[in-house]
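Following: one structure in structure tokens, then a few remarks.
The values are calculated or read from the model by the stated rules, or taken from the named source; none is laboratory data. Remember, it's a predicted structure, so these values are computed and weren't measured experimentally. Neighbour counts run over all protein chains shown; Cβ positions are idealised from the backbone, glycine included. All accessible areas refer to the heavy atoms of the entire protein, side chains included, with ligands and DNA or RNA removed. Shrake-Rupley method; radii C 1.70, N 1.55, O 1.52, S 1.80 Å.
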Amino acid sequence: MSNTDRAMHIDLLSKTKGGLVKAERYFNGLKTPEKTAETFGALLNCYCFKCMTGKAVDLVEMMKEFGITPTAWNMNHLLFSHLKVGQPEKVSLLVQLMDDFGFAPDLYTYNHLMVSYADLKDYDGVEKVLEQMSASKVKPNWCTYGTLARIYIKAGFDAKATEALESIERMESLHDPGAFKTLITLYGQTNSLSGVYRVWESLNSMPSNVRNECYLSLLISLAKLGDVDGLEKYFNEWKKSHSKHDMRVYDVILKSYLDRGMLDKAELLSKFLIKKQVKPTFKTLCTYMNFYLKKGQTDIALQHLEQGATKLKERKYKDWFPDEETVNLFLKSFEDKKDTASAQKFFKITKGLNCLDSKISYSDYSLLPSDLVKRKTQKVNE
């Protein structure tokens, strides 16, 4: 076996049941000459994938002792895993460690570093990263500016977010559908309808497959911005140009109809989907449940909940269902109506699903005092 084979073996072992322990055992059993950049890197990636940041950092320290340098990809994966587990303060220290190994940060490193400063609400630090990139002659790509725009939107700096988005628009030879989807989505989040349409018009010069991939982002933004005429126009255009039925698109339109109280149109769309044998997604069911809960029709909402729970239990990989908003609407409904029977039915249906803290039991809702519901709701949110 070559060291590449051994690295592949470590990766495959980690993907079996209880495999990480087997992967560690295999790595520890390797002879010293077989502990190379490939095998170390494979185990490091396993730790990063499972967000075991402590073990990952210890392994990097061991690599230093062996005189082995991790790749930039290894280190970027390590930075990303720290961001995922909510340890942004560690990212800059790890970037310094990269310097100790003798290689400079690349584009992905800078993107992660920017996010880490944003998570710490250090917006001066975010802008200094851009200065460092310029000094190091690392050219930002559309992902960099997209990340920057998201940071500014979240912080409430819409003017700066717009500047970042305009930087993407000025880029030459931009053909990645992801870039246009990012632009349309983020202009929607800055409430810029003109920005959404400007980017959409720029797609006229792109290959049809690029434009087709952006319809969903366009419809989501138009729905968010309340452009009803535009939503109908481009929904109909999408239907004419697509033979396959993408339920994600129908979810956007269905929610728009229900939010505007257009029950006849929502019902017609539902009948059309049933006729075409297009199965509802979990998001579809949450949309219906939210609508009926807001109308005070808890019994119909519970029927949709039961449908989703049955569907979820048949799946190998579990989705988070129902979503947080729906759970909270159910809890509020039970409290407002002092409806213990519906509350017990709700918890019976959701038993074993991912949507609730395991300590929450429907039997706790036998009295439904206000403070208890609030405490349960807080647990769900956490």
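In region 47-143, how many lysine pairs have Cα atoms under 26 Å apart, counting only pairs 8 or more places apart or on different chains?
Here the count comes out as 19.
Run lengths n ≥ 4 of DSSP H only: what is the helix-derived mean residue ellipticity at 222 nm for the chain, with -39500 (n - 2.57) per run over all residues, to the nearest 500?
-22000 deg cm²/dmol
So if I place +1 on the C-beta of Lys and Arg and -1 on the C-beta of Asp and Glu, and nothing else carries charge, what would the dipole magnitude of region 55-151 be about its Cα centre? I want it in debye, nearest 20.
320 debye
Taking Cα atoms of region 244-316, Rg/Rh with Kirkwood Rh, to two decimals?
0.96
So what are the radius of gyration and Dmax for the Cα set of the chain, in Å?
25.2, 71
When you count, for each residue, the other Cβ atoms within 10 Å and take the mean per peptide, how do 2-11, 107-116 rank with the highest first?
107-116, 2-11
Ordering C143, C286 by how much accessible area each has at a 1.4 Å probe, largest first, what is the list?
Correct descending sequence by accessible area is C143, C286.
Carbon-plus-sulfur fraction of the accessible area of region 64-140, 1.4 Å probe, in percent?
Ligands and nucleic acids excluded, carbon and sulfur give 52 percent.
In terms of Cα to Cα distance under 17 Å, which lysines are near enough to K311, apart from those fewer than 8 places away along the same chain?
K279, K283, K348, K351
Accessible area per residue for region 80-156 in Å², computed with a 1.4 Å probe and the full protein assembly in place, what is it?
Ligands and nucleic acids excluded, the result is 53 Å² per residue.
For region 1-70, how big is the tail of P(r) above 21 Å, as a whole percent of Cα pairs?
When all Cα pairs of region 1-70 are counted, 14 percent exceed 21 Å.
Carbon and sulfur together cover what percent of the accessible area of region 213-361 at a 1.4 Å probe radius?
Percent of accessible area from carbon and sulfur atoms in region 213-361: 51.
Could you tell me which of V21, F66, T32 has its Cα farthest along the dipole of region 1-70 towards the positive end, charges placed at Cβ (Lys, Arg +1; Asp, Glu -1), taken about the Cα centre?
Farthest towards the positive end: V21.
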